[in-house]
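The values are calculated or read from the model by the stated rules, or taken from the named source; none is laboratory data. This is a predicted model, so every value here is computed, not measured. Note: ideal-geometry Cβ built from the backbone for every residue, glycine included; neighbour counts use all protein chains shown.
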């Protein structure tokens, strides 16, 4: 058997501490591997979605009604622009919009500090 095709004993690595991945990463890899092999093809997207959710943190923030309504409208407009998704790409969500906007703000702050244009606009609104 080719050395690149030899099976990997993920469970053995978890139990012995061997391998290059952290134990929680190896366990998740084993779980996803087993689920994907046994799951019908239609369920694999659900499994992968659950795997992605591990990387996100849930938090609660309160928005003014006007902002919330505008966010929903923006989501709907961006979904129209995006067009139909094909299963490999997720539709635009309110969380994705908030993450992207905060990411832009943080990137600008890291690059320009207190002189960042978005930081000034933010401070004027607070």
- Query: Which ones in segment 82-111 are at pLDDT 90 or above and more than 24 Å from residue 61 (Cβ to Cβ)?
  - Reply: 111
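Take the conditions modelled with pLDDT under 90 and surrounded by 12 or more Cβ atoms within 10 Å (Cβ to Cβ) and apply them to residue 55. Does it pass? If you could, list the steps in order and put the result at the bottom.
Details: modelled with pLDDT under 90: yes; surrounded by 12 or more Cβ atoms within 10 Å (Cβ to Cβ): no.
Against the criterion (modelled with pLDDT under 90 and surrounded by 12 or more Cβ atoms within 10 Å (Cβ to Cβ)), residue 55 does not qualify.
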- Message: Contact list please: Cβ distance under 7 Å, first residue in segment 63-83 and on the phi > 0 side of the Ramachandran plot and surrounded by 12 or more Cβ atoms within 10 Å (Cβ to Cβ), second residue at pLDDT below 95 and assigned to a helix (DSSP H, G or I), pairs at least six apart or on different chains.
- Response: none
